[in-house]
Amino acid sequence: MNVEEIVQVDDDYVQDVHLFTEMLRAEGPVRRIRMPRGLQCWLVTGFAEARELLADPRLSKDSRRAGELFESKLNGATVTGTIRESLSAHMLNSDPPDHTRLRKLVNKAFTSRTVAGMRPRIEEITTELLDALDGEERTDLVSAFATPLPIIVICELLGVLPEERGDFSAWTKILLSASAPDAARDAAQRMFAYLTALIARKRAEPGEDLLSRLVHTTDEGDSLSEEELVSMAFLLLVAGHETTVNLIGNAVLGLLRAPEQLALLRADPGLLPGAVEEFLRFDGPIHMATLRFTTEPVEIAGVTIPADEFVMISLLGANRDAERFPGPDSLDVTRAAGGHLAFGHGIHYCVGAPLARLEIEIAIGELVRRFPGLRLDVAPDELRYRLSSLVHGLESLPVRLS
């Protein structure tokens, strides 16, 4: 691979992302790439460089300016207009002081006490889903377990009715994949209309859910605007289940491909909290962190990235950097994996990280306890990953349960 070559992020890349990021990092931790829709940007794959840039204020996340840059670089052929205008005014796509204000308001509603109090309900949902698999010889673990668990959890947390969950889940998959522009616009419009109606309902008839608290929360007289509420609901719904869906699937696959690690975990359930960090490091649910752009020239690893350039940071690549994690391509449930970047770093560190950790700990612990005969039902090379530069997750995970 030539260091000057612009690497195409396509299906081949996504299907073997760890190999590609290792090859790129070997030639330099900062490289030029071309995204599936044609956008050229810079990709960072080294741990030290990724951690530095994730907290660098010279890299902006302002969604409106990013949209303008996106259009100019693709000669006006934007495919994100509706998504950007309707759904992206949340804290993940903002800089201080707007980000500081938005995060403060969300933190008032999304407390550690709220998350800790969800343990019994998450355990109950997990048990119900696994009970439904009792007596089955085989199943697709993504559709039968990894997907419904976090969807039920986040919908109950936000106060989304059971009959509405399927629609928003389908729209989310379109918006996070390399779908055709028309399909993405249609999904964004439907999502926007749904969330607008949902917020109106919470305003008129507030409940005990998180979204009702967000609608009515204030801080020194400040509150979220209608646009901010819609986009924040979108962020929490999407991020609140997509990361955990993919993390469960990736973690189970990692264990099934390393049976000695699965045996260690079964023999000593006390390893589970540390193992969760290793699952996040080894094969996390997010490939590239969400879009950033330089507001001035930035020098990193001997490379100068000009102003007004998009920068993508590979969290998967950074977490497999041998300079930070020796033997990075091996799953080790006894590893001290703290300090990984699976949830990002800096002011945009994932607000839902405690909930994701709790869900994965309960899900994996109960799954491996209940099904001692759990094993893959296909050859590993038959598994397919979703075509997305953002999320890293399996399309399906066929397993035998007994």
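Readers should treat all values here as calculations from the given coordinates under stated rules, not as data from a laboratory. Note that the structure is a prediction, hence the values are computed from the model and not measured. Note: ideal-geometry Cβ built from the backbone for every residue, glycine included; neighbour counts use all protein chains shown.
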Only Lys, Arg, Asp and Glu count, each charged at its Cβ (+1, +1, -1, -1), so figure out the dipole size of the range 183-336 about its Cα centre, rounded to 20 debye. 580 debye
Treat every Asp and Glu Cβ in the range 146-251 as -1 and every Lys and Arg Cβ as +1, leave all other atoms uncharged, and give the resulting dipole magnitude about the Cα centre to the nearest 20 debye. 340 debye
Grab the DSSP H runs of the chain that are 4 residues or longer, score each as -39,500 (n - 2.57), total them, divide by all residues and round the 222 nm result to the nearest 500 deg cm²/dmol. -15500 deg cm²/dmol
Neighbour-count ranking [beta-carbon atoms within 10 angstrom, fewest first] of S169, S231, S225: S225, S169, S231
Given H placed on each backbone N at 1.01 Å, which residues far from V298 in sequence or on other chains put an amide H within less than 5 Å of it? I305
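Rounding to the nearest 20 debye, state how big the charge dipole of the chain is about its Cα centre with +1 on each Lys and Arg Cβ and -1 on each Asp and Glu Cβ.
480 debye
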Report ³J(HN,Hα) in whole Hz for each residue of the range 154-163, in order, from the Karplus equation J = 6.51 cos²θ - 1.76 cosθ + 1.60 where θ = phi - 60°; Gly and Pro get x. 5, 5, 5, 5, 8, x, 8, 5, x, 6
Give the residue from L358, N107, A337 lying farthest towards the positive end of the charge dipole for the range 7-400; charges sit on Cβ (+1 for Lys and Arg, -1 for Asp and Glu) and the dipole is referred to the Cα centre. N107
At 0.36 nm per residue, and after removing the present C-alpha to C-alpha distance, how many nm does the segment from E208 to R121 gain when stretched out fully? 29.8 nm
Within the range 12-48, list the chymotrypsin sites (Phe, Trp or Tyr not before Pro) lying in a DSSP loop whose Cβ has at most 12 other Cβ atoms in a 10 Å radius. none
Can you put D381, D332, D56 in order, fewest other beta carbons within 10 Å first? D381, D56, D332
Tell me the label-point distance for the pair D16, A170, using the 7 Å Cα-to-Cβ offset, in nm and rounded to one decimal. 3.6 nm
Looking at the chain only, what percent of DSSP beta bridges run antiparallel? Nearest 5 please. 80 percent
Among S94, L43, S402, the residue whose Cα sits farthest towards the positive end of the charge dipole of the chain (+1 at Cβ of Lys and Arg, -1 at Cβ of Asp and Glu, taken about the Cα centre) is S94
The ³J(HN,Hα) series, computed from each phi in the range 113-125 with the Karplus coefficients 6.51, -1.76 and 1.60 at θ = phi - 60°, rounded to the nearest Hz and given as x for glycine or proline, is 5, 4, 5, 4, x, 8, 3, x, 6, 5, 4, 5, 5
Can you run phi through the Karplus equation (6.51, -1.76, 1.60; θ = phi - 60°) for the range 357-367 and list ³J(HN,Hα) in whole Hz, with x for Gly and Pro? 4, 5, 4, 5, 5, 5, 5, 5, x, 6, 4
With r as the distance between the Cβ atoms of R101 and V7 and R0 = 45 Å, compute the FRET efficiency 1/(1 + (r/R0)^6) and round to 0.05. 0.75
Taking the dipole about the Cα centre of the chain, with the C-beta of Lys and Arg at +1 and of Asp and Glu at -1, give me whichever of M118, L19, L383 is farthest to the positive side. M118
Entries of K61/K173; K61/K202; K173/K202 with Cα pairs more than 27 Å apart: K61/K202
5 angstrom amide H check on Q8, placed H, neighbours 5+ away: R34
